[in-house]
Amino acid sequence: MAVYDVVVIGAGNGGLTAALTLARAGRKVALLERHNVPGGCATSFVRGRFEFEVALHQLSGMGTERMPGPLRGILSEFGVLDKLEFVEMENLYRVVFPGGIDVTLPTDRQGIVEVLGGLFPKEKDAVASFLDLVYTYSLEMVQGVFFRDPLISKEKYPTFFRYTFRNVEDVLDEFFTDPYLKAILSVYWGYTGVPPRLMPFSDLAVILWAYIEFKPFHLKGGSQALSNALLDAYLKAGGEARFNCAARSIEVEGGRVRAVVTEHGDRLETSYVISNASTVHTYLDLVGSHRLPQDDLLKIKGRTVGPSAFTVYMGFDCTPEELGVFETSNFIVATIDMDSASEKMRTLEPQDWAMFSCYDVSDPDFSPPGTCQGALVCLQYADPWYRVEPHAYAETKYRYADAMISLAERVFPNLRAHIEECEAASPLTHMRYLGHPGGAIYGFDQYAKDSAFFLTNQSSIEGLYHAGSWVTGGGFQPTLTSGRSTAHAVLKAIKGR
Ligand SMILES: Cc1cc2nc3c(=O)[nH]c(=O)nc-3n(C[C@H](O)[C@H](O)[C@H](O)COP(=O)(O)OP(=O)(O)OC[C@H]3O[C@@H](n4cnc5c(N)ncnc54)[C@H](O)[C@@H]3O)c2cc1C
């Protein structure tokens with residue numbers, strides 16, 4: 001029987017960075033992944049002559065060499081930074097209300113004030129004040145919470161305490177009157193799936209700050225290149241990885257982890273497990289609800305599974321210019337009513353909010369010469385898809401994809417005529433590949449009560465830890481960071497035993 005210091009379940013961002021941190025610290029680690037490639041969401045797939053990026057639209061936290069962001073430092077520490085080539089996006093985003101406002105925000109703070117001030121002259125000062133708030137809030141949060149200031153207090157961090165649990169709509173109303181201006185500044189709500197009325201201001205502030213301050217990036221080879229580089233570094237550090245090898249159960253005895261059993265029946269003895277699988281799957285399937293401490297069961301029951309995504313991946317037989325696409329990140333917003341847009345994420349009705357990414361705009365080598373690719377994505381819950389009869393699934397999925405393309409054609413009329421390859425992924429597709437309930441890509445719904453402030457990477461079962469979106473909230477930067485911090489917690493626990 002094999003004995004390991006730590007078994008890591010799942011090779012998504014959180015699992016890979018946890019396993020790598022432990023292996024580099026000299027620990028004997030086994031990494032188990034049910035799929036045949038590393039990355040979880042951070043993967044790619046091939047259709048025809050295109051390699052499609054599954055997930056990454058905008059990478060946050062990188063910063064430039066001159067002004068490095070936190071993720072650049074972490075990737076450098078992992079020894080993978082020089083193996084990857086990052087591509088800075090030319091602008092923050094373009095927002096188009098079909099038939100109405102069409103605006104592109106640059107990635108610098110003053111530039112945003114100028115652009116929005118030009119469109120909404122009466123509210124120009126308010127835009128500057130709002131961005132001041134975003135910056136002050138985020139810096140206080142980093143200093144007070146991320147750097148764990150032991151002297152954190154209302155007096156020392158007044159903006160953080162005043163705004164953390166206010167919702168985005170409430171804060172926007174404090175600054176602005178024009179509904180379009182509010183919609184443009186809060187368009188990132190669609191990244192989390194929580195509409196401005198419910199989205200914690202902390203989330204919007206930190207997303208905006210991270211993308212403006214450290215710029216949005218993509219990388220050559222897509223997110224699969226990052227996952228492969230992390231796996232290579234892990235193997236070089238002496239780690240063991242098994243693919244096509246799901247964990248089937250976590251053995252717990254006397255309230256402590258004892259072993260992990262794989263789907264092939266191998267028993268890996270260990271006192272520490274880091275699960276990158278969903279907490280729902282980890283507790284209910286792998287540990288077993290009958291063995292679960294009440295505390296953990298109650299925590300799961302009090303949360304709701306977050307959204308998945310519907311994506312149409314398209315390979316085009318022409319360049320972005322020929323398609324009329326000049327920005328990498330394009331938000332298409334067909335309503336000003338964000339509550340109704342978010343409600344549609346729970347139905348099979350055509351969506352009013354979508355994002356179209358064309359990576360070739362910032363990286364002309366992303367696709368074969370003379371071609372380009374685009375990902376058209378909206379967030380969606382799995383619930384309506386569960387009700388589709390198996391025989392109607394394919395037809396429903398392609399009809400839905402067709403409606404998404406029609407929405408995008410309101411901005412890019414030539415899209416359909418140039419499609420060479422097309423594939424669609426529904427929440428059920430993500431569920432199949434990730435093994436997460438509802439195919440959730442960010443873990444639980446990102447309401448304030450379920451934000452990273454209240455989630456913990458440690459179970460009440462001794463030796464069981466979590467890494468990834470189910471304990472940090474979703475996104476590349478948070479999940480890549482979470483694996484590292486969970487691994488540090490495990491290293492500390494091993495040392496203290
Ligand atoms: C379409 C789409 C667009 C996105 N766009 C962006 C973006 O632009 N910017 C951004 O920052 N984020 C984006 N995200 C979100 C981001 O990709 C995810 O939040 C993040 O990658 C999740 O990482 P994770 O560590 O939680 O692991 P996951 O990616 O959730 O992976 C978990 C892994 O665990 C494995 N697993 C599960 N159960 C078992 C088991 N029993 N045994 C073994 N292995 C198991 C799964 O196979 C999987 O590999 C997007 C996601 C999607 C799908």
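The values are calculated or read from the model by the stated rules, or taken from the named source; none is laboratory data. Quick caveat: nothing in here was measured; it's all calculated off a predicted structure. Cβ: placed from backbone, ideal geometry, glycine included. Neighbour counts: every protein chain shown.
Of all residues being surrounded by fewer than 16 Cβ atoms within 10 Å (Cβ to Cβ) and of a type outside the set (D, E, K, R) in the stretch 28-49, which is farthest from the ligand (Cβ to nearest atom)? Just the residue, please. By that ranking, first place goes to GLY48.
Scanning the stretch 384-392 for any residue that is surrounded by fewer than 18 Cβ atoms within 10 Å (Cβ to Cβ) and of a type in the set (Phe, Trp, Tyr) turns up at least one such residue.
For the stretch 413-426, filtering for residues that are in contact (Cβ under 8 Å) with a residue 24 or more places away in the chain and either out of contact with any strand residue (DSSP E or B) (no Cβ under 7 Å at 6 or more places or on another chain) or in a helix (DSSP H, G or I) (or both) leaves 4. The residues of the stretch 139-173 include none that are in contact with a Ser or Thr (Cβ under 6 Å, 6 or more places away or on another chain) and among the small types (Gly, Ala, Ser).
Can you say whether THR177 is loosely packed, with under 14 Cβ neighbours inside 10 Å and either closer than 27 Å to VAL333 by Cα or at pLDDT 95 or above (or both), as far as the supplied structure shows?
Numbers: loosely packed, with under 14 Cβ neighbours inside 10 Å: yes; either closer than 27 Å to VAL333 by Cα or at pLDDT 95 or above (or both): yes.
Yes; evaluated as a whole, the condition is true for this residue.
Are any of the residues in the stretch 381-403 in a strand (DSSP E or B) and either at pLDDT below 95 or not small (Gly, Ala, Ser) (or both)? Please lay out each step first, then the result.
Pass one, the stretch 381-403, residues in a strand (DSSP E or B): none.
Scanning the stretch 381-403 turns up no residue that is in a strand (DSSP E or B) and either at pLDDT below 95 or not small (Gly, Ala, Ser) (or both).
Residues of the stretch 55-79 that are within 16 Å of the ligand (Cβ to nearest atom) and over 20 Å from TYR188 (Cβ atoms): ARG72, ILE74, LEU75, PHE78.
Can you go through GLU409, GLU421, GLU462 and tell me which one is surrounded by 14 or more Cβ atoms within 10 Å (Cβ to Cβ) and under 28 Å from PRO195 (Cβ atoms)?
Details: GLU421 fails: under 28 Å from PRO195 (Cβ atoms); GLU462 fails: under 28 Å from PRO195 (Cβ atoms).
Of GLU409, GLU421, GLU462, the one residue that is surrounded by 14 or more Cβ atoms within 10 Å (Cβ to Cβ) and under 28 Å from PRO195 (Cβ atoms) is GLU409.
Quick check: is even one residue across the stretch 447-467 closer than 23 Å to GLY302 by Cα, among the polar types (S, T, N, Q), within 16 Å of the ligand (Cβ to nearest atom) and in contact (Cβ under 8 Å) with a residue 40 or more places away in the chain? Checking the stretch 447-467: at least one residue is closer than 23 Å to GLY302 by Cα, among the polar types (S, T, N, Q), within 16 Å of the ligand (Cβ to nearest atom) and in contact (Cβ under 8 Å) with a residue 40 or more places away in the chain. Just the residues that are crowded, with 21+ Cβ neighbours inside 10 Å and either at positive phi or of a type in the set (S, T, N, Q) (or both), please, taken from the stretch 1-27. Result: GLY10, ASN13, THR17, THR21. When you look at HIS418, is it within 9 Å of the ligand (Cβ to nearest atom) and modelled with pLDDT of 95 or more, yes or no? It is false that HIS418 is within 9 Å of the ligand (Cβ to nearest atom) and modelled with pLDDT of 95 or more. In the stretch 270-296, which residues are under 29 Å from ALA42 (Cα atoms) and loosely packed, with under 14 Cβ neighbours inside 10 Å? Selection gives GLY288 alone.
Any residue that is more than 13 Å from the ligand (Cβ to nearest atom) and in a helix (DSSP H, G or I) - is there at least one of those in the stretch 468-488?
Taking the stretch 468-488 as the starting set, the residues that turn out to be more than 13 Å from the ligand (Cβ to nearest atom) are 488.
If we keep only those that are in a helix (DSSP H, G or I) too, we end up with 488.
The answer is yes, given that some residue of the stretch 468-488 is more than 13 Å from the ligand (Cβ to nearest atom) and in a helix (DSSP H, G or I).
Within the bounds of the stretch 138-146, is there any residue that is touching a helix residue (DSSP H, G or I) at 6+ places or on another chain (Cβ under 8 Å) and farther than 19 Å from GLY69 by Cα? The answer is no; no qualifying residue exists.
Residues that are at pLDDT 95 or above and under 30 Å from GLY254 (Cα atoms) occur at least once in the stretch 426-435. Evaluating ILE405 against the criteria (1) more than 21 Å from PHE52 (Cβ to Cβ); (2) away from the ligand (no atom under 14 Å from the Cβ); (3) among the β-branched types (Val, Ile, Thr) leaves one unmet condition, (1). Is it fair to say ALA424 is in the same structural domain as LEU292 (by TED's automatic domain parsing), more than 17 Å from the chain's Cα centre (by Cα) and within 16 Å of the ligand (Cβ to nearest atom)? It is false that ALA424 is in the same structural domain as LEU292 (by TED's automatic domain parsing), more than 17 Å from the chain's Cα centre (by Cα) and within 16 Å of the ligand (Cβ to nearest atom). Looking across the stretch 431-465, the residues that are part of a helix (DSSP H, G or I) and among the hydrophobic types (A, V, I, L, M, F, W, C) come down to MET431, LEU434, ALA448. Annotation: LYS124 fulfils all but one of (1) more than 29 Å from TYR157 (Cβ to Cβ); (2) in contact with a helix residue (DSSP H, G or I) (Cβ under 7 Å, 6 or more places away or on another chain); the unmet one is (1).
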